[in-house]
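Engineer: Shown below is the structure under consideration.
The values are calculated or read from the model by the stated rules, or taken from the named source; none is laboratory data. Small disclaimer: the values here were computed from a predicted structure and weren't measured. Cβ coordinates were reconstructed from backbone atoms using ideal geometry, including for glycine residues, and neighbour counts include every protein chain displayed.
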Amino acid sequence: MHHFNYVGGVLHVEDMPVPEMAEQVGTPFYCYSTATLTRHFTVFSGAFDGMDTVVCYSVKANSNIAVLRTLASLGSGADIVSGGELARAMKAGIPASKIVFSGVGKTEDEMRAALAAGVLQFNVESEPELELLNQVAVDMVLEAPVALRINPDVDAKTHEKIATGKSENKFGLPWTQARDIYARAAALPGIRIEGVDVHIGSQLTDLQPLEDAFVRVAELVSLLREDGHNITRVDLGGGLGIPYHPEDPEPPHPDAYADVVRRTVGDLGCQIVFEPGRMIAGNAGIMVTRVVYVKETGERTFAILDGAMNDLARPSLYGSYHHIQPVKEDAGDDMQLVDFVGPVCETGDTFATSRESGPLQAGDLVAIMSAGAYGAVMASSYNTRPLTPEVLVKDDQFAVVRRRPDYEEILAQESIPNWVD
Ligand code: LLP
């Protein structure tokens, strides 16, 4: 998190002091750094210099259109999983020719919209999906460009809720059945087979499972070519992990990942698609929240924040670690153990337990780090808490890129039927 530093004892995002933004926007809010997004994107895409690649940023990680536009201006494509994400990507100016459509449950309407837009590729995950896509394409007098997502049955060694490459997971087609399914796909008039797709999970910190999966992809490409298919593209998904804990070992650098890619699929003569999400956005964002009360029970000290599990769900959902930093740098003395919790009426609304912290008081600002990916996108309005605003910083400027809705706007979405007195 190179662009999140203390200057004169105050946390800055690039050259923007956090308290100034908090003053203007209110808390909680998400804050992203343009320089970090840019750096992550260029380090990732630069790792494949000389190769024919398309980096399709995984929109689900952080789908704010200002973030998407920032990445689009660097040449990014998009990996989308819904009609909504298609609309966002297009609105942000990402050309359809750089959009891949993933996901196990694409609906007919979503297929129609993506076909009409002219996306680069559909990553198809089941035979029924293949059949429906064929029908829709035939009906539109089009051919859908397709890669089949293969489930390589490898253990990605990550949190069970975000591992996707084992045979018991709902994702992809069993790699052992792939040749048969490709043969059936080739006979469908609305389907144009172009590639093979794989994605084995997220927050991967070990390259070996990725290597195992890519080897399976390379083997399959050779077999499919023997079977007469014209395979011109492989999509290797996303998944590269990021550091969350300051003392964690550094996850593999994109250069090491690129070496694995070169070794395994580099000689196939295929265009290679990547779908990185977390790697680009995760450490490019923080959530800023304010201490509402400090509650001492004798047994524990709770810092009750104005941010909650609805704003940042990862700790309650996956038990994940996020570093928490005071916005005003503490001197490092009078350290105590603090539980950082939100105001929602669930014990699960806890960001951290027994965290070392300097003295805190009501009104203090704290930053929950590494919150740029799977943060704002997973926010809800549970407890009728307005969706968390988002701010984008560039140098010494900031812009509110999603504003906080007021109660009137929230309630305007609901209505009372006329049979209720
Ligand atoms: N491609 C596909 C097909 C995916 O399913 C995903 C993530 C990605 C790419 C991007 O993966 P990344 O590079 O970001 O690891 N909410 C969870 C993470 C869910 C990941 C879902 N799929 C979390 O907060 O950890």
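Engineer: For the structure I just gave you, tell me whether Glu14 is over 26 Å from the mean Cα position of the chain (by Cα) and either among the hydroxyl-bearing types (Ser, Thr, Tyr) or closer than 15 Å to Ala399 by Cβ (or both).
Structural biologist: no
This table checks each residue for (1) crowded, with 21+ Cβ neighbours inside 10 Å; (2) within 16 Å of Leu236 (Cα to Cα); (3) more than 29 Å from the chain's Cα centre (by Cα).
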site	(1), (2), (3)
Glu127	no, no, no
Lys157	no, no, no
Lys161	no, no, no
Gly165	yes, yes, no
Gln177	no, no, yes
Arg192	no, no, no
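Engineer: So how many residues does segment 399-421 have that are touching a residue at least 12 places away in the same chain (Cβ under 8 Å) and more than 20 Å from Gly282 (Cβ to Cβ)?
Structural biologist: Within segment 399-421, residues that are touching a residue at least 12 places away in the same chain (Cβ under 8 Å) and more than 20 Å from Gly282 (Cβ to Cβ) number 8.
Engineer: Next question. Looking at this structure, is Ala281 over 30 Å from Pro359 (Cβ atoms) and surrounded by 21 or more Cβ atoms within 10 Å (Cβ to Cβ)?
Structural biologist: yes
Engineer: Give me a count of the residues in segment 175-192 that are modelled with pLDDT under 95 and either among the hydroxyl-bearing types (Ser, Thr, Tyr) or farther than 12 Å from Leu148 by Cα (or both).
Structural biologist: 1
Engineer: Going residue by residue through segment 146-160, is there one that turns out to be modelled with pLDDT of 95 or more, over 22 Å from Ala213 (Cβ atoms) and of a type in the set (D, E, K, R)?
Structural biologist: Checked segment 146-160: no residue is modelled with pLDDT of 95 or more, over 22 Å from Ala213 (Cβ atoms) and of a type in the set (D, E, K, R).
Engineer: For Pro152, only one of the following conditions fails: (1) closer than 26 Å to Asn230 by Cα; (2) touching a strand residue (DSSP E or B) at 6+ places or on another chain (Cβ under 7 Å). What is its number?
Structural biologist: Tallying (1) closer than 26 Å to Asn230 by Cα; (2) touching a strand residue (DSSP E or B) at 6+ places or on another chain (Cβ under 7 Å), Pro152 fails exactly one: (2).
Engineer: Here's another thing I want to ask about it. Within segment 270-285, can you find the residues that are more than 15 Å from the ligand (Cβ to nearest atom) and either among the hydrophobic types (A, V, I, L, M, F, W, C) or modelled with pLDDT under 95 (or both)?
Structural biologist: Across segment 270-285, the qualifying residue is only Cys270.
Engineer: Separate question: Go through segment 104-125 residue by residue and tally those that are in contact with a helix residue (DSSP H, G or I) (Cβ under 7 Å, 6 or more places away or on another chain), in a loop (DSSP other than H, G, I, E, B) and away from the ligand (no atom under 15 Å from the Cβ).
Structural biologist: 1
Engineer: If you don't mind, there's one more thing I want to ask. Where the second residue is at pLDDT below 95 and more than 16 Å from the ligand (Cβ to nearest atom) and the first is closer than 11 Å to Tyr244 by Cβ and lies in segment 364-381, which pairs have Cβ atoms under 8 Å and are six or more apart or on separate chains?
Structural biologist: Met369/Met1; Ser370/Met1
Engineer: Could you tell me which of the residues Thr232, Thr297 is surrounded by fewer than 17 Cβ atoms within 10 Å (Cβ to Cβ), outside the structural domain of Ala147 (by TED's automatic domain parsing), of a type in the set (S, T, N, Q) and farther than 30 Å from Met16 by Cα?
Structural biologist: Thr297
Engineer: Also, I was wondering about something else. Within the bounds of segment 254-275, is there any residue that is surrounded by fewer than 15 Cβ atoms within 10 Å (Cβ to Cβ) and at positive phi?
Structural biologist: yes
So that you can scan it fast, the table gives a plain yes or no per residue for (1) assigned to a loop (DSSP other than H, G, I, E, B); (2) among the small types (Gly, Ala, Ser); (3) out of contact with any His (no Cβ under 6 Å at 6 or more places or on another chain); (4) away from the ligand (no atom under 16 Å from the Cβ):
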residue	(1), (2), (3), (4)
Arg192	no, no, yes, yes
Gly195	no, yes, yes, no
Gln208	no, no, yes, yes
Asp212	no, no, yes, yes
Ala218	no, yes, yes, yes
Val221	no, no, yes, yes
Gly237	yes, yes, no, no
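Engineer: Ser354 versus (1) on the phi > 0 side of the Ramachandran plot; (2) modelled with pLDDT under 95: which is the lone unmet condition?
Structural biologist: (2)
Engineer: Within segment 323-341, restricting attention to residues that are aliphatic (A, V, I, L, M) and assigned to a loop (DSSP other than H, G, I, E, B), which residue is nearest to the ligand (Cβ to nearest atom)?
Structural biologist: Out of the qualifying residues, it is Val327.
One line per residue, one yes/no per condition, for (1) farther than 24 Å from Ile304 by Cβ; (2) crowded, with 18+ Cβ neighbours inside 10 Å; (3) among the aliphatic types (A, V, I, L, M):
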{"residue": "Gly8", "(1), (2), (3)": "yes, no, no"}
{"residue": "Val18", "(1), (2), (3)": "no, yes, yes"}
{"residue": "Glu23", "(1), (2), (3)": "no, no, no"}
{"residue": "Phe29", "(1), (2), (3)": "no, yes, no"}
{"residue": "Tyr32", "(1), (2), (3)": "yes, yes, no"}
{"residue": "Phe44", "(1), (2), (3)": "yes, yes, no"}
{"residue": "Asp52", "(1), (2), (3)": "yes, no, no"}
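Engineer: Sticking with this one: Can we say Thr158 is within 12 Å of the ligand (Cβ to nearest atom), out of contact with any Pro (no Cβ under 6 Å at 6 or more places or on another chain) and either over 19 Å from Cys56 (Cα atoms) or not in a loop (DSSP other than H, G, I, E, B) (or both)?
Structural biologist: Taking the combined requirement at face value, the residue satisfies it.
Engineer: Tell me the residue from Ala379, Ala367 that is within 16 Å of the ligand (Cβ to nearest atom) and closer than 24 Å to Met16 by Cβ, please.
Structural biologist: Ala379
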